[in-house]
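A short worksheet on the structure shown next.
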Amino acid sequence: MKNILIIYPHWPPSNLAGVHRARLIANYLSDFEWHPIVLTVEYPFYEEALDWDILKTVSPAIEVHYTKALKIGKPRIIGDIGIRAYKQLKIRALELIKAKSIDFIWIPIPSFYMAILGRQLYEKTNIPYGIDYIDPWVRDISNRKNWRSIGSLFLAKLLEPYAVKKAALISGVSKEYYLPVLERNFKHKKPTDVAMPYGFDPNDHKIVLKNLTYPWDTIKNVEAIVYAGAFLPNSAYFLKLLFTHIAKLIKNKKWNINTHLFFLGTGNYQHKSISEFAEEFEISEYIHEIRERFAFLNILNFLSEAKGVLVLGSTEKHYTASKIYQSILSKRPVFAVFHTDSSACQVMQECNADDYLCEYSETSNESELSTQIETKWLAFLLEENNWMPNYNALDKYSAKQSAKVLVDGMEQALYDL
């Protein structure tokens, strides 16, 4: 069995989204004769709230090693744990490489500065490494002109070429996330590249939390529709069309007063909030937004107990919306709006979960999309056990399949050396 060293500074009980990338892949690597060794940072150095329940989702086959990091200073100048723990992670990685006979190093980013560590470890040990793009490092900041965003972009353009130059593998949640990396940095021979979604671990959905408080517990006879996750600027267009229709139903007294929408864990974004949109459309009585992040298993339990699930994608076609898997696996009807070229549309269609899917494209006008939303939203609200996905069709999007794609990529990269 080969050994893979996964370097990612956050690990359960951290509840950051990126943790699930490393966890989901690592959970299934041993099924393909690769032993996962995770190098991470001790939890007391995390800034975010901890979620101890998430430890229930980690496979016992994963070997985890911890190191320390610099503490957050006052004032907070450097928060990125990849920077605060860089030296310690490098030292511990070299120790593990010496002790464990590592065959490959895999580093998901962000933290983007971890990519540099891959290059430096390769220079010292000659062990091939791969960089996994959870998010693009060099990105469009046209809607964020603050000094931090400008500085981060400058560093990204400066450091990414160095970090990826000697990489044996480039991977990502979507090829669109890393294709510009290959085009910018490799003029001739390119490294092996593979794309695999976050996927899902079906075992996560079997964990039922006891004595859980639900966001709608105080509302009598509520029929909760749940949106879970970040609210992106490019989702606002879809939200406004939906709220327009809801406002019309309320005005015409065709709205079930027991139906409430709960937007959970939407994040600390700078653009106009969901609550503000609800006020603008005069529907605040039925719209509830809680921006603070919820624990992962809490969200899965919330979705499973809701009347239905709401997912709003992006006007950008490359948006993958990994939460579509947890939404479908909640076994509750899913109303969704996505760009027609988004992989999420394909997922929903392949497993027959697209009864209430609305598709956007740049060529369709607002009236067409609005009509889609109006028609399918009404059907969604009246759903009577007609929503019956083929869950077996999701298998190819599972974390196990993603782990296999990564293993195939690493094997090819090793063969090409």
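The values are calculated or read from the model by the stated rules, or taken from the named source; none is laboratory data. For clarity, every value in this text was computed on a predicted model and none was experimentally measured. Glycine gets a Cβ as well: all are built from the backbone with ideal geometry, and neighbour counts include every protein chain shown.
When F243, F263 are screened for being closer than 22 Å to E48 by Cβ and either touching a strand residue (DSSP E or B) at 6+ places or on another chain (Cβ under 8 Å) or not in a loop (DSSP other than H, G, I, E, B) (or both), only F263 passes.
Could you pull out the residue among R76, R139 that is part of a loop (DSSP other than H, G, I, E, B), free of Cβ contacts under 8 Å to residues at least 24 places away in the same chain and closer than 25 Å to L232 by Cα? Steps first, answer last, please.
Working: R76 fails: closer than 25 Å to L232 by Cα.
Result of the check over R76, R139: R139.
Say whether the condition of being modelled with pLDDT under 95 and either within 16 Å of the chain's Cα centre (by Cα) or surrounded by fewer than 19 Cβ atoms within 10 Å (Cβ to Cβ) (or both) is met by at least one residue in segment 281-289. Scanning segment 281-289 turns up no residue that is modelled with pLDDT under 95 and either within 16 Å of the chain's Cα centre (by Cα) or surrounded by fewer than 19 Cβ atoms within 10 Å (Cβ to Cβ) (or both). Among the residues making up segment 355-400, those that are touching a strand residue (DSSP E or B) at 6+ places or on another chain (Cβ under 9 Å), surrounded by 19 or more Cβ atoms within 10 Å (Cβ to Cβ) and within 24 Å of A195 (Cβ to Cβ) are L357, E359, Y360, P389.
Among the criteria (1) out of contact with any strand residue (DSSP E or B) (no Cβ under 6 Å at 6 or more places or on another chain); (2) not assigned by TED's automatic domain parsing to the domain that holds F380, the one D193 does not fulfil is (1).
Exactly one residue among V138, V64 is closer than 13 Å to L5 by Cβ and in the same structural domain as L159 (by TED's automatic domain parsing), and that residue is V64. Condition check for K166 on (1) assigned to a helix (DSSP H, G or I); (2) assigned by TED's automatic domain parsing to the domain that holds P136: one failure, at (1).
Being closer than 30 Å to H205 by Cβ, touching a residue at least 60 places away in the same chain (Cβ under 8 Å) and not in a loop (DSSP other than H, G, I, E, B) holds for only one residue in L394, L369, and it is L394.
Residues of segment 69-128 that are among the acidic types (D, E) and either under 27 Å from the mean Cα position of the chain (by Cα) or surrounded by 19 or more Cβ atoms within 10 Å (Cβ to Cβ) (or both): D80 alone.
Residues in segment 316-334 that are assigned to a loop (DSSP other than H, G, I, E, B), closer than 20 Å to E383 by Cβ and not small (G, A, S): how many?
Step one: list which residues in segment 316-334 are assigned to a loop (DSSP other than H, G, I, E, B), which gives 316-322, 330-333.
This time we only want the ones that are closer than 20 Å to E383 by Cβ, so: 330-333.
Those left that are additionally not small (G, A, S): 331-333.
Counting residues in segment 316-334 that are assigned to a loop (DSSP other than H, G, I, E, B), closer than 20 Å to E383 by Cβ and not small (G, A, S) gives 3.
Yes/no matrix, rows are residues, columns are (1) more than 24 Å from K317 (Cβ to Cβ); (2) among the basic types (K, R); (3) in contact with a Gly (Cβ under 9 Å, 6 or more places away or on another chain); (4) modelled with pLDDT of 90 or more:
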{"residue": "I150", "(1), (2), (3), (4)": "yes, no, no, no"}
{"residue": "A163", "(1), (2), (3), (4)": "yes, no, yes, yes"}
{"residue": "K166", "(1), (2), (3), (4)": "yes, yes, yes, yes"}
{"residue": "S171", "(1), (2), (3), (4)": "no, no, yes, yes"}
{"residue": "E176", "(1), (2), (3), (4)": "no, no, no, no"}
{"residue": "V181", "(1), (2), (3), (4)": "no, no, yes, yes"}
{"residue": "H188", "(1), (2), (3), (4)": "yes, no, no, no"}
{"residue": "T192", "(1), (2), (3), (4)": "yes, no, yes, yes"}
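Can you tell me which residue is surrounded by the most Cβ atoms within 10 Å (Cβ to Cβ) among those in segment 206-230 that are of a type in the set (G, A, S) and at pLDDT below 95? If you could, list the steps in order and put the result at the bottom.
If we filter segment 206-230 for residues that are of a type in the set (G, A, S), which is where we start, we get 224, 228-230.
Cutting the leftovers down to at pLDDT below 95 gives us 229-230.
Values: G229: 22, A230: 14.
If we take residues in segment 206-230 being of a type in the set (G, A, S) and at pLDDT below 95, then G229 is surrounded by the most Cβ atoms within 10 Å (Cβ to Cβ).
For segment 237-259, the tally of residues that are in contact with a helix residue (DSSP H, G or I) (Cβ under 9 Å, 6 or more places away or on another chain) and either buried (at least 18 other Cβ atoms within 10 Å of the Cβ) or closer than 23 Å to W216 by Cβ (or both) stands at 14.
Taken over segment 17-65, the criterion of being among the polar types (S, T, N, Q) and touching a residue at least 60 places away in the same chain (Cβ under 8 Å) is satisfied by N27, T57.
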